[in-house]
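I have placed the structure first, in the form of structure tokens, so that the comments after it can refer back to it.
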Amino acid sequence: MPRAKAQRTPKDNGAAEAPLLELRGIRAAYESVEVLHGIDFSVEAGSLLAILGPNGAGKSTTLRVIAGLMQPKSGQLLLDGHDVTGASADQLARAGICLIPEGRGIFPNLTVRENMLMDAYSGDGRSPSDLEEAAYTQFPRLGERRDQVAGTLSGGEQQMLSLSRAFSTDPAIILLDELSMGLAPVIVEELFQVVGHLTTTGVTIVVVEQFAGAVLDLADRVASNCSAVVMAQGSVRLRGAPRKIKRELATAYLGGT
Amino acid sequence: MEKFFVFLIIGFATSAVYAVSATGLVVTYLTSGVFNFAHGAMGMFLAFVYWELSVNRGWPVPLALVVTLLVIAPLLGVLLDVLVMRRLVAGASVATKLVVTLALLLSFQGLALAIWGIELRTLPNFFGGRTYEILGLSISWHQTITILTAIGVAFGLRQLFRRTRLGVAMRAVVDSPELCATKGLSPNVVTGASWALGAMLAGLAAILIAPGLNLEVNTLSLLVVSAYAAAVLGRLQNLPATFLGAVIIGVSQAMVVAYLPSSNEWVQNLRPAIPFVLLFIALLLRGELRLPERARTHAEPEPPNLRFTIGLGLVVIALSIPFAQWLGGVSKSNLLTGSSGMAFAAITICLVMLTGLSGQVSLMHMSFAGIGAIVLGKMPDSVPYLAALVIAALVAGLVGAVIALPAIRLRGIYLALSTLAFAILLDELVFGNSDVLGGGSTLPVERPNIAGLRLESEESMFVVLTVVVVLFANVFLIVRRSKFGRMLSAMRDSPGASQMIGMNVTAQKLKIFFLSASLAGLAGALLGGLQARVGQLDFLWFKSLSVLLVATIFGITSVSGALLGAFFFVVLPRILSEVSEGGNSTTITLAFQPLIIGLLAIATARRPEGLAGRIRERVRPLMSRLPGLPESKGPAEPSEPAREMAGAKS
């Protein structure tokens, strides 16, 4: 599987260009219980997509399907125009998909440096020391703790470590799952600023959040090219520009439409 | 003092072997979550391969070593991972993993016997057993190499896990296989590598220790028990502690051999059992449970109501009388096979009660049966038969409870390990002890004689055993339908939650252990009577293992599974000896019986309801048309709340 390009040169960016990521009629089930009933959306290269919705809407499951951690029952997953349905998580990671999972996406018994050594598998040939350098430039605090066991870092630092891969491995698409979960508001604010910084590099981002307000504000702020979808009960209920979504959000959450 | 140093060096050399073996065990356990009971058997198999190459084919030693340890061993490890372990890991319960590796143990033994036969072989020492002297002590080159190898392995593993990307990845997989995948590294690559490493270490340990012993299937497979003890001392996760554990076990074993009096037969019998005693002590010291145990519950068919099962039982008993006469008319040996099938069915139902219902795996049920038989055999003639039978059952039950009491806080692999330790201990200490067996190698056991009613003919034995099976089956079903049975299932699925709602988990575990062991003792007493004489061979630990495995093949959760399994168990050797008539039938039976049972168990272990469950699925819809049977319930459809819960996970 070829690695998807992180950013497109302007020449590539023709109107007929396929979206970087596309989901077509994705259905997925936990054993016999279907939780995604045909999800369709696409993400343009260099854009930000926010997936919103109440608890149990299927947002995280959608991300798991995109990352290859869960195989869809039917439907297609396209990356950079190639059909990658059925590819395993490690193949997709090497193809440029970078999932920052909910909770803490770190190996708690490994040191910070060893955690980064693991990033090298999806680093497109970058050496571990290059990866470390890129990560420490973004998060100097991790540099101070490089030989500390990751499980002993604070919650915010753990999330930084998890997020550092988005900077160091130069992925094509970053999937952020509930970045704010279990963290103090001030740290969430800090992390959202980091994500805001990420968008300026032109990388494609898919964000899943329960707290719709925060993420819509973020999308609005960086607004160059962003959209949002609202999911509920395993289907996409609403899609459009963040501003439009914000107006209709109350209806969406209360089960209208 | 010289004696002390001589034995100290022997102890260190043994420790070195244990350390190599135990680290292999820990590495595979950590990365794949499977505690490999077949680790020793794998090493045994590789030692045989090495013997084949170096001795039988006359290859030079270095070449044979390289081919065995660097080519065949890793291949074997990867093959196991791909064919067996990988299909297991996702969501397999601890009991399933246990059964699969136990089945592998049996398969490796069968395979080695099938290829190399039963004759004893020896493997030469390295450097032909030459020695050198330091400070007046003579030390063999083989011992030196063994100790240096262990040190080399320790150092090499440390470098691997700290310095190399693959080693760090192995540790990362322990933390989260899923996260590894999202970072672009397939966890399969890592577990494959760790199984290859595990196999290499198992083979290395076996090749190092084999020259001191005979190259024999059982000895080498069981040698790993000391490695288990070392691994348990390292809490199955800490490699330096595992090394230290190996030293403690190896040295104390050598010292016990050196200083224990050698006059008394009990002490003599205790010697080979030392590793098992040490294992049990290690379990008690370090066996606290910190392991994440994923409970994966299975659908149980709703039992038919009591009136129906008792009625069915009476019909079966009534039919058994003419059936026994007909079978005896055909041939005596058929009748005997039928009767021992019934006896094993009774023992298997006890196992179903314990393992299927309460989720505790026992590897010593044949030992309970043996205790029952021995107690009955030792009973003076003045005691009436029925009273003697009850006493036999009670003694077996008490032994079960006494063993369960310290082991009860252990679950999963630790409980299985401690029952295995006890089974082997009893093999040596009781069933093979001529004091216990009244001076000979077997003990006569009487047949039922109840209040003047002599039930000693072959036909009446069949009927008596049928009655016992019907009785046990109904006891099991009564337990399952009762509040006690519901508590046991709850405990099996989640011990933590059961404690939280106020259940006394320990008391329930003890009760079911006592009940299961005493019924097994009763069945064993009758089995002894059926055979007329019992000896060590009747209750060997791997018989317990085979019974557990056949029960799993046919369904560890139901009476029908127990019945089918028991009959498979007694009929299989007969089929094998028929098939191999004219050839070397003992070897074929010895080799192929474990091989067939092992492979079948591996193939079916993923479904606890077993083959009987599959047959039931087909038959139930037809049966439900009969009055008096509960409605057939197909594979449980998740209820509405369950759907919502599953949906909420996303």
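Points to keep in mind about this one:
- Condition met for B:Leu197 (on the phi < 0 side of the Ramachandran plot, crowded, with 23+ Cβ neighbours inside 10 Å and under 31 Å from the mean Cα position of the chain (by Cα)): yes
- Residue match in region A:60-71 (condition: farther than 21 Å from B:Glu178 by Cβ and away from chain B (no Cβ under 11 Å)): no
- Considering residues of region A:26-45 that are at the interface with chain B (Cβ under 8 Å from one of its Cβ atoms) and either among the polar types (S, T, N, Q) or outside any loop (DSSP other than H, G, I, E, B) (or both) only, the residue farthest from A:Lys244 (Cα to Cα): A:Ser32
- Residue in region B:363-375 that is surrounded by 19 or more Cβ atoms within 10 Å (Cβ to Cβ) and more than 24 Å from B:Val547 (Cα to Cα) present: no
- Positions within region A:102-116 being surrounded by fewer than 24 Cβ atoms within 10 Å (Cβ to Cβ) and at the interface with chain B (Cβ under 7 Å from one of its Cβ atoms), in sequence order: A:Gly105, A:Pro108, A:Asn109, A:Leu110, A:Glu114
- Of all residue pairs spaced 6 or more apart or on separate chains, those with beta-carbon atoms under 7 Å, a first member in region B:226-254 that is polar (S, T, N, Q) and a second member that is not in a helix (DSSP H, G or I) are B:Thr242/B:Gly234.
- Cβ pairs under 7 Å, 6+ apart, first in region B:539-565 and among the β-branched types (Val, Ile, Thr), second crowded, with 24+ Cβ neighbours inside 10 Å and not in a helix (DSSP H, G or I): B:Thr552/B:Ala605; B:Ile556/B:Pro608; B:Thr557/B:Pro608
Yes or no, residue by residue, for (1) assigned by TED's automatic domain parsing to the domain that holds B:Val217; (2) in a helix (DSSP H, G or I); (3) closer than 30 Å to B:Leu314 by Cβ; (4) free of Cβ contacts under 8 Å to residues at least 60 places away in the same chain:
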| position | (1), (2), (3), (4) |
| --- | --- |
| B:Asp435 | no, no, no, no |
| B:Leu477 | no, yes, yes, no |
| B:Arg486 | no, yes, yes, yes |
| B:Ser518 | no, yes, yes, no |
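Table: residues versus (1) farther than 23 Å from B:Ala47 by Cβ; (2) in contact (Cβ under 8 Å) with a residue 24 or more places away in the chain; (3) within 14 Å of chain A (Cβ to nearest Cβ).
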position	(1), (2), (3)
B:His142	no, yes, no
B:Gly156	no, no, no
B:Arg163	yes, no, yes
B:Leu185	yes, no, yes
B:Ala196	no, yes, no
B:Ala199	no, yes, no
B:Ile207	no, yes, no
B:Ala210	no, yes, no
B:Thr219	no, no, no
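- Matching residues, region A:117-142, being aliphatic (A, V, I, L, M), away from chain B (no Cβ under 12 Å) and either within 20 Å of B:Ala172 (Cα to Cα) or surrounded by fewer than 16 Cβ atoms within 10 Å (Cβ to Cβ) (or both): A:Ala135, A:Leu142
- Looking only at region B:437-453, and only at residues there that are touching a helix residue (DSSP H, G or I) at 6+ places or on another chain (Cβ under 7 Å) and at pLDDT 80 or above, the one that is surrounded by the most Cβ atoms within 10 Å (Cβ to Cβ): B:Val445
- Of the criteria (1) within 9 Å of another protein chain (Cβ to nearest Cβ); (2) in contact (Cβ under 8 Å) with a residue 60 or more places away in the chain; (3) surrounded by fewer than 23 Cβ atoms within 10 Å (Cβ to Cβ); (4) touching a Gly at 6+ places or on another chain (Cβ under 7 Å), which one A:Ala18 fails: (1)
The values are calculated or read from the model by the stated rules, or taken from the named source; none is laboratory data. Since this is a predicted model, take the numbers as computed values, not measurements. Cβ atoms come from the backbone with ideal geometry, glycine included; neighbour counts cover every protein chain shown.
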